[in-house]
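The values are calculated or read from the model by the stated rules, or taken from the named source; none is laboratory data. Everything numeric here is computed off the predicted structure, so don't read it as measured data. When we count neighbours, we look across all protein chains shown, and the Cβ atoms used for this are built from the backbone with ideal geometry, even at glycine. For accessibility, only protein heavy atoms count, side chains too; no ligands or nucleic acids. Shrake-Rupley method; radii C 1.70, N 1.55, O 1.52, S 1.80 Å.
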Amino acid sequence: MKEPLAYMRKAQGSWEKRILKSLNSMCTELSIPLAQKRPVSEQKELLNKWNEMGTDEPDLSLFRPVYAPKDFLEVLMNLRNPNYENGEHPSFRNHLGLIQVPLKVKDIPELKEDFSELGLNIGQLGIDDSAQVPPEFFENEHVRVGQKVLAEQDSAAAQQYVRQGCPTALRADLWALILNISNQPEDILYYEQLKSNVIQHDLLVDSLIYKDVKLTASNDDYYFVFEDYLYQVLLCFSRDTAVLEHFTYSSATPPRSYIRGKLGMEEYAVFYPPNGVIPFHGFSMYVAPLCFLYHEPSKLYQIFREMYVRFFFRLHSISSHPSGIVSLCLLFETLLQTHLPQLFYHLREIGAQPLRISFKWMVRAFSGYLATDQLLLLWDRILGYNSLEVLAVLAAAVFAFRAVNLMEVTSLAAAEAVLADLSTLKVMPLLQIFLFATVT
């Protein structure tokens with residue numbers, strides 16, 4: 001079932017219309033077609049500089065992202081279940097956050113049970129000083145077990161294993177095993193076909209991808225070196241019709257456009273872009289961290305595509321799924337309101353609703369906010385638990401960690417300043433303290 005709740009389906013539908021309208025109006029303003037065949041000279045040029053597209057400096061000043069996370073948050077804040085007014089639902093009446101829809105989210109005891117392997121007495125990679133055993137002892141043993149899991153090529157065992165974190169040297173292979181990516185000759189051929197499609201056809205979304213990489217990853221101390229990889233992966237991704245399959249279980253529907261001059265004629269309707277996904281501001285940050293692990297473009301591509309259709313699509317579509325962004329926002333707000341009520345009320349009173357700050361972290365799965373080694377430890381747990389809920393828990397844990405400073409701020413800008421730099425944070429201690437050392 002794509003999405004059981006009618007009001008969620010309706011909201012997602014009208015959000016899609018808005019995105020498509022924004023894209024079409026950009027086309028009209030700039031008088032650029034959605035898609036056109038590249039002249040042969042341009043095809044040759046692109047082929048020659050395929051591995052150094054970052055050196056190109058086209059004028060993209062007129063292009064703007066179709067939407068940014070904050071535009072999407074405004075839509076989520078306006079979601080309502082029409083079946084009852086807020087007053088009717090006793091437990092929900094007390095919810096003072098920005099998300100005003102009653103979805104069931106977990107409390108800390110349930111999260112403790114779900115994330116039991118993150119417990120204080122279980123060895124973790126990403127914790128420097130485990131009291132029970134010297135860290136080197138745990139690490140050496142953990143590496144040995146990891147090698148055994150890889151030797152047996154057991155995907156389920158790998159998923160269980162990464163809940164305690166991946167040793168750096170084994171991470172790329174373990175993730176590929178969990179995601180069932182083996183990079184066979186036919187996969188490499190498929191990637192080459194996507195590449196030739198990019199070389200032959202020029203899409204309007206190419207400029208959006210280009211602009212996004214320039215605005216985000218190119219300015220990032222960790223990721224700017226991967227600029228060329230990002231163009232290759234994202235341009236190929238936009239052409240990949242296999243991505244359309246995820247719409248069978250996503251609440252979203254791929255946007256459609258009409259062949260020129262055939263507007264409104266169904267038999268001339270095509271999915272646009274061909275993969276059905278319109279990139280937004282920050283989209284390239286889903287790919288950037290993976291460049292640390294995979295240096296072979298077709299493998300990097302497949303890993304990203306699988307991460308997208310399993311996880312990331314849920315971060316920018318409206319649904320009632322427990323890993324969907326609406327549930328994550330609600331989980332974040334509920335955790336804060338329940339366990340840090342003074343902080344929650346204080347921030348709310350000064351006009352600094354916590355979700356206004358944390359939303360962008362969650363939409364990007366923290367990519368570009370955490371140091372890369374920490375981000376990969378976080379993504380280990382997303383893969384291990386096959387769930388994005390850990391993003392909401394971490395967002396709440398960050399607020400808990402900076403609570404003393406946040407209690408002193410008197411404006412949204414000041415609260416944002418306290419939380420502007422997350423690059424020194426250690427993910428695992430924050431998650432453990434919040435889940436297992438907080439009095440519930």
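Screening D373, D380 for residues that are open to solvent by 10 Å² or more (accessible area, probe 1.4 Å) and either over 12 Å from the mean Cα position of the chain (by Cα) or within 30 Å of A176 (Cβ to Cβ) (or both) leaves exactly one candidate, D373. For the condition under 15 Å from I303 (Cα atoms), out of contact with any Cys (no Cβ under 6 Å at 6 or more places or on another chain) and either modelled with pLDDT under 95 or surrounded by fewer than 17 Cβ atoms within 10 Å (Cβ to Cβ) (or both), what is the one hit in N183, N140? Answer to the selection: N183.
A single entry from L378, L315 fulfils the requirement of being free of Cβ contacts under 8 Å to residues at least 60 places away in the same chain and within 27 Å of C236 (Cβ to Cβ): L378. Taken together, the residues in the range 195-209 that are assigned to a helix (DSSP H, G or I), farther than 11 Å from H281 by Cα, in contact (Cβ under 8 Å) with a residue 24 or more places away in the chain and open to solvent by 10 Å² or more (accessible area, probe 1.4 Å) amount to 6. Does Y191 qualify as being closer than 24 Å to C291 by Cα, open to solvent by 20 Å² or more (accessible area, probe 1.4 Å), touching a helix residue (DSSP H, G or I) at 6+ places or on another chain (Cβ under 7 Å) and in contact (Cβ under 8 Å) with a residue 24 or more places away in the chain? Considered against the rule, which asks whether it is closer than 24 Å to C291 by Cα, open to solvent by 20 Å² or more (accessible area, probe 1.4 Å), touching a helix residue (DSSP H, G or I) at 6+ places or on another chain (Cβ under 7 Å) and in contact (Cβ under 8 Å) with a residue 24 or more places away in the chain, Y191 comes out as no.
Looking across the range 271-312 at every residue that is among the β-branched types (V, I, T) and touching a helix residue (DSSP H, G or I) at 6+ places or on another chain (Cβ under 6 Å), the one that is farthest from N51 (Cα to Cα) is identified as V309. Listed by position, the helices (runs of 4 or more DSSP H) enclosed by the range 384-440 that each have at least 3 residues that are within 30 Å of A157 (Cα to Cα) and either hydrophobic (A, V, I, L, M, F, W, C) or open to solvent by less than 40 Å² (accessible area, probe 1.4 Å) (or both) are 389-401, 427-436.
Y294 satisfies every condition listed in (1) in contact with a Ser or Thr (Cβ under 7 Å, 6 or more places away or on another chain); (2) not in a helix (DSSP H, G or I) except (1).
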